[in-house]
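**Student:** One structure is given below, represented as structure tokens, and several questions about it will come after.
The values are calculated or read from the model by the stated rules, or taken from the named source; none is laboratory data. Just so you know, these numbers come straight off a predicted model, no measurement behind them. With ideal geometry, Cβ positions are generated from the backbone for all residues, glycine too; neighbour counts draw on all protein chains shown. Heads up: the accessible areas ignore ligands, DNA and RNA and are worked out on the full protein's heavy atoms, side chains in. Shrake-Rupley method; radii C 1.70, N 1.55, O 1.52, S 1.80 Å.
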Amino acid sequence: MKSFLNTIRCDEKPISVSRQVVDTFAIILLGIVLGTFSKFLDNTASNELPFIFEYLDIRNFLGRFAIWVLIAVCISIYSNSSIRAAINVFVFFTGMVTSYYLYSKFVAGFFPRSYAMIWFGFTAISPLLAFICWYAKGKSKLAFALSAIIIAFLFNMSFYYGMTYFGMRSILELIVFICGLAVLKRNTIKGSVIMTAIGVIVAFVLKLLYPFHFG
């Protein structure tokens, strides 16, 4: 199994235990800060926020999935190994989701149980998804396919479309999609273009099979 995975991506880099602890602590702290910030915006009246926050609709943007998937992809891709990717993404979502709903419960005085269950479930499966995602930056055909699939999900989270219409959910989601392309880019422009094209095709197929989105 290990030898098979090494054919997908083989640039694991061992790091010291102390470095692992520091990295994990920084990632969980990032999750706590972003989760708290997101709920703070949720709990603040629009007219009390800076104009740019209201104009860009950052509050609703942080309530959708695209930005969190992008952050998870970045954490996965740039981790030192697939195992570290699983750990890092799990602690990030644990910190983010826990701080968000603790703020919701004890500061805002409201706990949206059904919505929370979605995020708890997503957090539970995030290590497996991160483990797989880490291999997307390899040079094999399977790594290429993984990258295209990730692009497909980001595409469906960033745009809405049908037979007669197409549009972006917001300028911020467009930026998320572009960042996703940059993170997952291949070694050549041609490779990146083909990856993007296949990702878009897969996105259309996914929408036909499962017309609901996590936007």
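**Student:** Under 5 Å between amide H atoms, partner at least 5 residues away or on a different chain: which partners does Phe159 have, H built in plane at 1.01 Å?
**Tutor:** Under 5 Å from the amide H of Phe159 lie the amide H atoms of Arg169, each far enough along the sequence or on another chain.
**Student:** Calculate the all-directions average of the projected area of the chain's alpha-carbon convex hull, and give it in nm².
**Tutor:** Reported value for the Cα convex hull: 13.8 nm².
**Student:** Compare Lys39, Lys190 by solvent-accessible area with a 1.4 Å probe and give them largest first, with all protein chains kept in place.
**Tutor:** Lys190, Lys39
**Student:** A follow-up question, please. For Lys190, list the lysines whose Cα falls under 23 Å from its own Cα; do not include residues on the same chain fewer than 8 positions away.
**Tutor:** Lys137, Lys139, Lys141
**Student:** Counting Lys and Arg as +1 and Asp and Glu as -1, what is the net charge of the other residues whose Cβ lies under 10 Å from the Cβ of Ser104?
**Tutor:** Result for the neighbourhood of Ser104: +1.
**Student:** Still on this model: Restricting to Cα pairs below 8 Å that are 6+ residues apart, what does the relative contact order work out to for the chain? Please round to a whole percent.
**Tutor:** It comes to 24 percent, rounded to a whole number.
**Student:** Follow-up. Going through the DSSP H helices of the chain, which span 24 Å or more along their own axis at the Cα atoms while scoring at least 1.6 as a mean Kyte-Doolittle hydropathy?
**Tutor:** TM-like helix candidates: 141-158, 189-209.
**Student:** Carbon-plus-sulfur fraction of the accessible area of the stretch 1-132, 1.4 Å probe, in percent?
**Tutor:** 71
**Student:** Sticking with this one: Suppose accessible area is computed on protein heavy atoms with a 1.4 Å probe; arrange Ile201, Ile28 from highest to lowest.
**Tutor:** Ile201, Ile28
**Student:** Could you tally the net charge around Tyr160, taking each other residue with its Cβ under 14 Å from the Cβ of Tyr160, Lys/Arg +1 and Asp/Glu -1?
**Tutor:** So the environment of Tyr160 carries a net charge of +2.
**Student:** Accessible area of Phe37, 1.4 Å probe, to the nearest 10 Å²?
**Tutor:** Probe radius 1.4 Å; accessible area of Phe37 about 80 Å².
**Student:** Net charge around Ala66, counting only other residues with Cβ within less than 14 Å of its Cβ (Lys, Arg = +1; Asp, Glu = -1)?
**Tutor:** Neighbour charge sum, excluding Ala66 itself: 0.
**Student:** Give the ranking of Leu128, Leu209, Leu29 by solvent-accessible surface, highest area first, calculated with a 1.4 Å probe.
**Tutor:** In descending accessible area the options line up as Leu209, Leu128, Leu29.
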